Amino acid sequence: MKSRVDQSIQASLEAYLAREGAAGKPFLVMCSGGQDSMVLADSVYRLGYALELVHVNYGLRGAESEGDQAFVEDWAAARKLRVHLTKAPVDFGDGADLQARARGLRYDLVNELFDAEHHAAILVAHHADDAAETFLFHAARGTGLDGLVALAPQSGPLLRPLWDVSKAQVQAHAKKLGLQWRDDSSNASDKYTRNHLRHHALPSLRDAMPQALEGLRTTLKNLRELQSFVDVAVRRESILYMGKSKEVPGATVLYRDVLDHPHSSVIVWYILKDFGGFDFDAVCSLAQSQVGAMLQRGPWQMWAEREGLLLLQEDFQEFAGSTSLENGWGSLIGPLWNGKTWVAKTMWTAQEQGHAATEDMGSLSAPVLSLQRTPSLVWRPWVEGDFLLPLGMKGRKKVSDILTEAKVPAGLRKYVVVLAAEEAAGEVYWVPGARLSRTIAVQPGDSHFWRLTEVR
């Protein structure tokens, strides 16, 4: 008869395979060499599932860390199993948030492996005591529903087959089978908050309430159901307050009137949780700021613009200095506004033409230029005071007005690069994707042309 541990693991894996259709693919088992991960790896192996191990050597405990690695490798070799191994940098132990960085390192590794090698799922040996510990930890720090149920039985391709199994049951299982494992000496220290909860808070809670673990497990299940309902309700509501930007293709816009909603903090949090998790108070402040103000959270930027708060994921680089366009060719690699994509790393090349019809002006993305009146051209950032003599119009037009008409958000205008004359300060010949000057337009009698071409 299968143990409670084996039953839980088998039920979890069979249910997942039935849903995902991943039968035959190996499971990735995160394996430190400790008791919990060895119980998980051993059970998956004995139950007949294909598996591979993932081990991270943080190098924080010297010979002990090397011993953990050797133990995992030897155990896998005896069963002809593959081990994916990585070692942390030598200075990994320096700096704050060690546990968070360690967690990030191993999850980045296992997610990369899962994406690249088509495994069935990622298996982690978290059990019921871990779930209770995480619940108490997040509750004490202050969190929402997502934080309270962070350690769920499944999160995408990540499974926790021991989620319903207590630590005591894991220990009994390991003892019954005579399994070997490695003890991490750092787990005995109360240096880390989680260890202190594990050593003191949970035992005290069980002493006062023997059924505390089962009660917390029931609470977590109820909270997950509530979270599912809230997610659906908030998703429906959030549709009213976000959309695709009409001014900046590819950008998401958060409409300011969301802040008038009686539950604005919940809706904003839900919308932004996949965009870096901006602070609600900071978002409220940005909404009241002048156009062009910006917040940064990781790779995400939030811009205050007229249509709302724009969410963009780019690492923008301002174009420094200038680049001449000489000898019939030239290029620029950098951010350009071209009307189709709001800003892109694009190379523009200029090719000399043997002939061109006088009416062929090309397009705003690939114009034909006459070089008989523009012997020297330069790429440079636009500046206040720049002007252009628009093709098909009389008079001049400020580049700032051209950018406004092109609906270039105020906060992004510093990234716009223009084609100008080296010797004519202030005059611009081309704002890519927006306006072309009549000064360099092809005219009767011209014989020397360039056609600028966008190369992505």
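The values are calculated or read from the model by the stated rules, or taken from the named source; none is laboratory data. As the structure is a prediction and not an experimental result, all values here were calculated from the model. All Cβ positions, glycine included, derive from the backbone under ideal geometry; neighbour counts span all protein chains shown.
Listed values, structure above:
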item	result
Test: residue in segment 103-116 that is touching a strand residue (DSSP E or B) at 6+ places or on another chain (Cβ under 8 Å) and farther than 28 Å from TYR49 by Cα	no
Residue, surrounded by the most Cβ atoms within 10 Å (Cβ to Cβ), within segment 104-129, restricted to residues that are touching a helix residue (DSSP H, G or I) at 6+ places or on another chain (Cβ under 8 Å) and assigned to a helix (DSSP H, G or I)	ALA128
Sole residue being at negative phi and not in a helix (DSSP H, G or I), chosen from VAL258, VAL248	VAL248
Residue satisfying all of: in segment 168-217; surrounded by 13 or more Cβ atoms within 10 Å (Cβ to Cβ) and of a type in the set (Lys, Arg); nearest to ALA100 (Cα to Cα) among these	ARG194
Out of LEU286, LEU202, sole residue that is part of a helix (DSSP H, G or I) and over 24 Å from the mean Cα position of the chain (by Cα)	LEU202
Search result, residues across segment 403-451 that are within 18 Å of LEU377 (Cβ to Cβ) and either of a type in the set (Val, Ile, Thr) or assigned by TED's automatic domain parsing to the domain that holds GLY292 (or both)	VAL416, VAL417, VAL418, VAL428, VAL431, THR439, ILE440, VAL442
Unique match (being at pLDDT 75 or above and either within 30 Å of LEU310 (Cβ to Cβ) or outside any helix (DSSP H, G or I) (or both)) among THR374, THR404	THR404
Output for segment 1-18, where each listed residue is without any contact (Cβ under 8 Å) to a residue 40 or more places away in the chain and more than 19 Å from ALA128 (Cβ to Cβ)	MET1, GLU14, ALA18
Any hit, segment 88-95, residues being of a type in the set (D, E, K, R), surrounded by 13 or more Cβ atoms within 10 Å (Cβ to Cβ) and not assigned by TED's automatic domain parsing to the domain that holds VAL266	no
Pairs with Cβ under 6 Å, 6+ apart, first in segment 19-42 and on the phi > 0 side of the Ramachandran plot, second among the aromatic types (Phe, Trp, Tyr) and part of a helix (DSSP H, G or I)	GLY33/PHE71
Criterion violated by PHE92 - all others in (1) modelled with pLDDT under 95; (2) over 27 Å from the mean Cα position of the chain (by Cα) satisfied	(2)
Residue match in segment 300-311 (condition: within 20 Å of the chain's Cα centre (by Cα), outside any loop (DSSP other than H, G, I, E, B) and among the charged types (D, E, K, R))	no
Yes/no for GLY67 being of a type outside the set (A, V, I, L, M) and within 20 Å of SER186 (Cα to Cα)	yes
Unmet requirement for SER3, which otherwise passes all of (1) under 22 Å from HIS127 (Cβ atoms); (2) surrounded by 18 or more Cβ atoms within 10 Å (Cβ to Cβ); (3) touching a His at 6+ places or on another chain (Cβ under 6 Å)	(2)
Hits in segment 165-182 - residues which are part of a loop (DSSP other than H, G, I, E, B) and out of contact with any Lys or Arg (no Cβ under 7 Å at 6 or more places or on another chain)	SER166, GLY178, LEU179, GLN180, TRP181, ARG182
Filter result (assigned to a helix (DSSP H, G or I) and either among the basic types (Lys, Arg) or touching a residue at least 60 places away in the same chain (Cβ under 8 Å) (or both)) within segment 188-199	ARG194, LEU197, ARG198
Counted residues, segment 138-151 - those being buried (at least 19 other Cβ atoms within 10 Å of the Cβ) and either assigned to a helix (DSSP H, G or I) or touching a strand residue (DSSP E or B) at 6+ places or on another chain (Cβ under 9 Å) (or both)	1
Residue within segment 428-451 that is surrounded by fewer than 21 Cβ atoms within 10 Å (Cβ to Cβ), of a type in the set (Gly, Ala, Ser) and outside any loop (DSSP other than H, G, I, E, B) present	no
